[in-house]
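Undergrad: Questions regarding the structure given below will be posed in turn.
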Amino acid sequence: STVDRKKLWLDWAVELQSLAQAGLYYGKDKFDRERYARIREIAAEILAFQGDMPLEKVKDLFCCETGYQTPKLATRAAVFQGERILLVQEPKGWALPGGWVDMDISVAENTVKEVREEAGLEVRADRLIALLDGERHHTTVYPWKVTIAFVLCTLLGGAFQENLETTASGWFPLDSMPPLDWEKTTREQLELCFRARAAVHWHTLLE
């Protein structure tokens, strides 16, 4: 299908970028480095064309990192109040609080920070629910692999505060969810969080 062919092109572009980035980092020969740089440019051009994105934007996202390329890490917090889970309202729908992990803090610290920033609440990060491959669960096209850490948290206090990322927060039972931002949180992921909370002994789901 057209969708499958498009994804195949995007997968090729991401792989080429990863190989070129490694070559630029480890390569010593001047001419080899020029070839790797051109391969990276071609990969960016493919991604821009197939992903309908401006080339300069793709280059900003795609061609600035150095070193061996590894997946980017994001966190999502599962915070409960009784039988309801915390969601925040994003521009495209509701989602679990979360975001990219900052370079200078841990996964647990980032989880707590994101809940504070997006929902105004203080929580304690208690348990890793799952470490998921974002590509298996979301249709968002990134020029890199994404790994998502889902963390079960305990509510300590606080109240929603206006911020630049979310417009509201709320508590929702599993059988009455608002429209979700499928790029950030899926129904299956919410069900996973509810199962983890109910389990006496939870085995982290690892992909």
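Undergrad: Can you spot the aspartates and glutamates whose alpha carbon is less than 18 Å from Lys72's alpha carbon? Ignore those fewer than 8 places along the same chain.
TA: Asp11, Glu15, Asp60, Asp102, Asp104, Glu109, Glu114, Asp133, Glu135, Glu183, Glu207
Undergrad: How large is the direction-averaged shadow of the alpha-carbon convex hull of the range 62-134, in nm²?
TA: Taking a quarter of the hull surface, the average projection is 6.5 nm².
Undergrad: Compactness ratio of the chain: Cα Rg over 2.2 N^0.38 Å, N = residue count?
TA: 1.16
Undergrad: So, in nm, how far is label Glu109 from label Glu191 when the simple model puts each one 7 Å beyond its Cα toward the Cβ?
TA: Result: 3.6 nm between the two label points.
Undergrad: Taking a label point 7 Å from the Cα of Arg35 along the Cα→Cβ vector, which residues of the range 3-22 have an amide N closer than 20 Å to it?
TA: Residues 13-22 fall inside that zone.
Undergrad: Determine the percent antiparallel among the DSSP beta bridges restricted to the chain, to the nearest 5.
TA: Of the beta bridges lying entirely in the chain, close to 70 percent run antiparallel.
Undergrad: Find which of Ala95, Trp202, Thr111 sits farthest along the positive direction of the dipole of the chain, computed with +1 on the beta-carbon of Lys and Arg, -1 on that of Asp and Glu, about the Cα centre.
TA: Trp202
Undergrad: Would you mind checking the tilt of helix 187-198 against the longest principal axis of the Cα atoms of the chain, expressed as 0 to 90 degrees and rounded to 10?
TA: It works out to around 50 degrees.
Undergrad: Same structure again: Over the range 1-102, what portion of Cα pair distances is larger than 21 Å, expressed as a whole percent?
TA: Cα-Cα pairs of the range 1-102 separated by over 21 Å account for 53 percent.
Undergrad: Right, here's the next one. Could you tell me the largest-minus-smallest coordinate of the C-alpha atoms of the range 158-207 on each of the three principal axes, in descending order and whole angstroms?
TA: 37, 26, 23
Undergrad: Rolling a 1.4 angstrom probe over the protein chains, ignoring ligands and nucleic acids, what is the accessible area of Ser1 in square angstrom, nearest 10?
TA: 90 Å²
Undergrad: Can I ask one more? With r defined as the distance between the Cβ atoms of Leu55 and Leu164 and R0 fixed at 22 Å, what FRET efficiency is calculated, to the nearest 0.05?
TA: Computed FRET efficiency for Leu55 and Leu164: 0.20.
Undergrad: Distance check, please: which entries in Lys30/Lys184; Lys59/Lys113; Lys6/Lys30 exceed 31 angstrom between their Cα atoms?
TA: In this structure, Lys30/Lys184; Lys6/Lys30 exceed 31 Å between Cα atoms.
Undergrad: Right, next: Let me test this: with uniform point scatterers at the alpha carbons of the range 74-114, what is the Debye-based log₁₀ I(q)/I(0) at q = 0.21, 0.23, 0.31 1/Å?
TA: -0.68, -0.77, -1.02
Undergrad: Provide the per-residue ³J(HN,Hα) series for the range 34-51, in order, calculated from phi with Karplus coefficients 6.51, -1.76, 1.60 and θ = phi - 60°, each as a whole number of Hz, with x at glycine and proline positions.
TA: Per residue, the Karplus-derived 3J(HN,Hα) values read 5, 5, 5, 4, 5, 4, 5, 4, 4, 4, 5, 5, 4, 4, 5, 5, 6, x Hz.
Undergrad: Going by alpha carbons, how many degrees (0 to 90, nearest 10) lie between the helix axis of 2-26 and the longest principal axis of the chain?
TA: In the chain, helix 2-26 runs at an angle near 70 degrees to the longest axis.
Undergrad: Another one. With charges set only on the Cβ (+1 for Lys and Arg, -1 for Asp and Glu), what does the dipole of the chain come to about its Cα centre, in debye to the nearest 20?
TA: Computed about the Cα centre, the dipole is about 380 debye.
Undergrad: Over the chain, what percent of the accessible surface lies on carbon and sulfur atoms, probe 1.4 Å?
TA: 56 percent
Undergrad: If each DSSP helix of 4+ residues adds -39,500 (n - 2.57) and the sum is divided by the residues in the chain, what number results at 222 nm, nearest 500 deg cm²/dmol?
TA: Theoretical 222 nm ellipticity from helices: -13000 deg cm²/dmol.
Undergrad: Here's another thing I want to ask about it. Please turn the phi angles of the range 96-111 into ³J(HN,Hα) values with the Karplus equation 6.51 cos²θ - 1.76 cosθ + 1.60 (θ = phi - 60°), one per residue in order, whole Hz, x for glycine and proline.
TA: 5, x, x, x, 4, 7, 5, 5, 9, 9, 7, 4, 4, 4, 5, 4
Undergrad: Now, a different point. P(r) for the range 109-207: what percent of alpha-carbon pairs falls in each 10 Å bin, starting at zero?
TA: Bins of 10 Å from zero give 13, 41, 41, 5 percent of pairs.
The values are calculated or read from the model by the stated rules, or taken from the named source; none is laboratory data. All figures in this text were calculated on a predicted structure; none of them were measured in a lab. FYI the Cβ positions are ideal-geometry reconstructions off the backbone, even for glycines, and counts take in every protein chain you see. Protein only, heavy atoms only, side chains kept; ligands, DNA and RNA dropped before computing areas. Shrake-Rupley method; radii C 1.70, N 1.55, O 1.52, S 1.80 Å.
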